[in-house]
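K.L.:
Structure below; questions to follow.
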Amino acid sequence: MFEDLTWLKVTGVILVSMIVQDVLLNQIVILGSHPDLMLVLPVTAGILGGAEVGAFMGFFAGIAADLVLPTPFGLSALVFVVIGYAVGSFVASAFGHDFYSARVLGTTLGCLFGTLFQAIVAAFIGQPGILNSQLIVTTAVVGLGGLVFAIPVFRTWSWALSDMRRFSFGTRMPSGGSALR
Amino acid sequence: MAIARGSNQRLTLLILLLISVTVVTLDYHGTVSRGIGHVRNGVMSVLSPFQRATTAVLHPIGDVFAGAIHYGQLSTQNNQLRAQIGVLQRRTAMDNYSLAAAHQVEILSRLPFTNLTSVVGSVIAPASSNFRRTIEIDLGTSEGVGPGMPVVGTSGLIGTIISSTGSTSVVELVLDAHFGVGVLLGPTYFRAVGSGTGLSLEQLQSTSVIPHVGQVAITSGQDNGAYPPGIPVGAVTSVTKNASGQLARVTITPSVNFSQLQYVSVLQWLAPA
């Protein structure tokens, strides 16, 4: 699906994001919750590259996030795959790929719904104390984080995925180069 | 072409979902879960020096700002005087900060409610997940700290260690919904569980004793010895009864102020096997 260099860049972006999240953003606690850069990754990748790219980035970002979270391993990967795919399928078609304002709005909405979905899945697999009033604050803070980080993350993905030539198994990009431009 | 692309995308989604569900399932399996735990501990060991550095930078800045706010604003002073006052305020705030920290460490090393061997450490990171109430501390297996050990502050129980690396540990706070501890309210045994913002009592139907507001809950030591007895957990803040006069809900506010948590003490106590 991706060229070799793209994989290297994607790995770098996800690892750096994981470090930034764990070392810096976890310290920025607003009303008991913190922004979630790792969720912004699949949302923006989905808007930028479509459903399949969103799902892939969601899986790898989720696995990376799970390495430092106390929640069950694989939970973030499971949730991010669906979010990346859903955003790539629905949000991108609703808001388009071209305008930053639409992308930022799509990212914010993606993060809001993504957080709620994450909470529902976590509660479904038996994690206690998730569906309470704090979830509203968490959703708002993560949505705000999406708003703030959308543009820098879009630019980072544009750089990382700039050499991507195919966006689906066995399907070549249409002439004109990358879908991300 | 569009149909083929759509099915390819759905196939990708299906494969990734299956892998994710398999990983979640494996995490609940003992042997594999331990392996995953080792990988997680390795990653946390690598990241902990960066966390310490960030905390070292951010903590004093936050405290200095907090200190400056308490001094109020001297809006009528000229710029030079303001600058001088600012320097003095920062210095005082830093002095107060150091004194308070030293005082906390001193109290933690001579806790009034236990004589167990303990190790004093500091908080290096808040919760890594928005859905769990945890903190990370700078004590690990090299200091004799490991999963299952109770963590206390100057005023009572903070939580329990759930994972440790060589130099760091993750503490599940009493606020976390996974947390549970046997407590005594007067002579009566209850079980308290975390509710996200505080604790609430369980097994209310089986008791005729009505706790009263302000009553202090201490660890009972009866829950298979998971916690030593006598550690303050919190105080009853509300007692709700149902229409038939039976207890419906009892909430406990923890005795520890988690928003100002900086130093903790890990009791080297392990539940009997």
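K.L.:
Pull up region B:233-263, narrow it to residues that are open to solvent by 70 Å² or more (accessible area, probe 1.4 Å) and not hydroxyl-bearing (S, T, Y), then point me to the one that is farthest from B:S206 (Cα to Cα).
P.N.:
B:Q260
K.L.:
For B:Q77, which of the numbered conditions (1) modelled with pLDDT of 85 or more; (2) open to solvent by 50 Å² or more (accessible area, probe 1.4 Å); (3) outside any helix (DSSP H, G or I) fails to hold?
P.N.:
(1)
K.L.:
When the residues of region B:125-142 are filtered to those that are hydrophobic (A, V, I, L, M, F, W, C), part of a strand (DSSP E or B) and at pLDDT 90 or above, which remaining residue is nearest to the chain's Cα centre (by Cα)?
P.N.:
In the first step, residues of region B:125-142 are kept if they are hydrophobic (A, V, I, L, M, F, W, C); the result is B:125, B:127, B:131, B:135, B:137, B:139.
After this cut, where a residue has to be part of a strand (DSSP E or B) as well, the list is B:125, B:135, B:137.
Subsequent filtering for residues that are at pLDDT 90 or above retains B:135, B:137.
Values: B:I135: 5, B:I137: 10 Å.
Across region B:125-142, the extreme among qualifying residues is B:I135.
K.L.:
Regarding B:V256, is this residue part of a strand (DSSP E or B) and either under 16 Å from the mean Cα position of the chain (by Cα) or not assigned by TED's automatic domain parsing to the domain that holds B:V145 (or both)?
P.N.:
Numbers: part of a strand (DSSP E or B): no; either under 16 Å from the mean Cα position of the chain (by Cα) or not assigned by TED's automatic domain parsing to the domain that holds B:V145 (or both): yes.
The answer is no for B:V256.
K.L.:
Cβ-Cβ below 7 Å, separation at least six or inter-chain, first residue in region B:246-271 and closer than 18 Å to B:L199 by Cβ, second of a type in the set (D, E, K, R) and in a strand (DSSP E or B): which pairs?
P.N.:
B:L247/B:K241; B:A248/B:K241
K.L.:
Regarding region B:200-216, can at least one residue be identified that is buried (at least 18 other Cβ atoms within 10 Å of the Cβ) and either in contact with a Cys (Cβ under 8 Å, 6 or more places away or on another chain) or under 13 Å from B:G156 (Cβ atoms) (or both)?
P.N.:
Within region B:200-216 (the criterion being buried (at least 18 other Cβ atoms within 10 Å of the Cβ) and either in contact with a Cys (Cβ under 8 Å, 6 or more places away or on another chain) or under 13 Å from B:G156 (Cβ atoms) (or both)), the answer is no, since none of the residues qualifies.
K.L.:
Please enumerate the residues belonging to region B:149-171 that are more than 14 Å from every other protein chain (Cβ to nearest Cβ) and either over 16 Å from B:T219 (Cβ atoms) or among the hydroxyl-bearing types (S, T, Y) (or both).
P.N.:
Quick first cut of region B:149-171, residues more than 14 Å from every other protein chain (Cβ to nearest Cβ) only: B:149-158, B:166-167.
Answer for region B:149-171, where residues must be more than 14 Å from every other protein chain (Cβ to nearest Cβ) and either over 16 Å from B:T219 (Cβ atoms) or among the hydroxyl-bearing types (S, T, Y) (or both): B:T154, B:S155, B:G166, B:S167.
K.L.:
Every residue in region B:1-14 that is at pLDDT 85 or above and within 13 Å of A:S89 (Cβ to Cβ), please. Break it down into steps so the answer makes sense when it comes.
P.N.:
Just the residues of region B:1-14 that are at pLDDT 85 or above, to begin with: B:10-14.
The answer is B:R10, B:T12, B:L13.
K.L.:
Identify, from the list B:S195, B:S169, the residue that is crowded, with 21+ Cβ neighbours inside 10 Å and under 23 Å from A:T71 (Cβ atoms).
P.N.:
Values: B:S195 fails: crowded, with 21+ Cβ neighbours inside 10 Å.
Going through B:S195, B:S169 in turn, just one is crowded, with 21+ Cβ neighbours inside 10 Å and under 23 Å from A:T71 (Cβ atoms): B:S169.
K.L.:
Now a separate question. Residue by residue through region A:125-145, note down the ones that are in a loop (DSSP other than H, G, I, E, B) and either in contact (Cβ under 8 Å) with a residue 40 or more places away in the chain or open to solvent by 50 Å² or more (accessible area, probe 1.4 Å) (or both).
P.N.:
In the first step, residues of region A:125-145 are kept if they are in a loop (DSSP other than H, G, I, E, B); the result is A:125-133.
If the condition is that a residue be in a loop (DSSP other than H, G, I, E, B) and either in contact (Cβ under 8 Å) with a residue 40 or more places away in the chain or open to solvent by 50 Å² or more (accessible area, probe 1.4 Å) (or both), then A:I125, A:G126, A:Q127, A:L131, A:N132, A:S133 are the ones that fit.
K.L.:
Wholly within region B:159-234, which strands (runs of 3 or more DSSP E) include no fewer than the required count, namely at least 2 residues that are within 30 Å of B:S33 (Cβ to Cβ)? Spell out how you get there, then give the answer.
P.N.:
Working: elements: B:169-173, B:180-185, B:188-194, B:199-202, B:216-219.
The strands (runs of 3 or more DSSP E) meeting that bar are B:169-173, B:180-185, B:188-194, B:199-202.
K.L.:
Take region A:60-72 and flag every residue that is free of Cβ contacts under 8 Å to residues at least 24 places away in the same chain and open to solvent by 20 Å² or more (accessible area, probe 1.4 Å).
P.N.:
Across region A:60-72, the qualifying residues are A:I63, A:L69, A:P70.
K.L.:
Does region A:19-34 hold any residues that are without any contact (Cβ under 8 Å) to a residue 12 or more places away in the chain and part of a loop (DSSP other than H, G, I, E, B), and which are they? If you could, list the steps in order and put the result at the bottom.
P.N.:
Step one: of region A:19-34, the residues without any contact (Cβ under 8 Å) to a residue 12 or more places away in the chain are A:19, A:23-24, A:26-29.
Result: A:L24, A:I28, A:V29.
K.L.:
Working carefully through the options A:F113, A:F56, find the one that is open to solvent by 40 Å² or more (accessible area, probe 1.4 Å), of a type in the set (F, W, Y) and either more than 9 Å from chain B (Cβ to nearest Cβ) or under 29 Å from B:F50 (Cα atoms) (or both).
P.N.:
On the way: A:F56 fails: open to solvent by 40 Å² or more (accessible area, probe 1.4 Å).
Only one candidate qualifies: A:F113.
K.L.:
How many residues does region B:15-38 hold that are under 25 Å from B:I137 (Cα atoms) and either surrounded by 12 or more Cβ atoms within 10 Å (Cβ to Cβ) or modelled with pLDDT under 75 (or both)?
P.N.:
The initial filter retains those residues of region B:15-38 that are under 25 Å from B:I137 (Cα atoms), namely B:27, B:33-38.
Cutting the leftovers down to either surrounded by 12 or more Cβ atoms within 10 Å (Cβ to Cβ) or modelled with pLDDT under 75 (or both) gives us B:27, B:33, B:35-37.
Adding up the residues that qualify gives 5.
The values are calculated or read from the model by the stated rules, or taken from the named source; none is laboratory data. On a predicted model such as this, the values are computed, not experimentally measured, just so you know. Every residue, glycine as well, gets a Cβ built from its backbone with ideal geometry; the counts of neighbours run over all protein chains shown. Heavy atoms of the whole protein, side chains included, go into the accessibility calculation; ligands, DNA and RNA do not. Shrake-Rupley method; radii C 1.70, N 1.55, O 1.52, S 1.80 Å.
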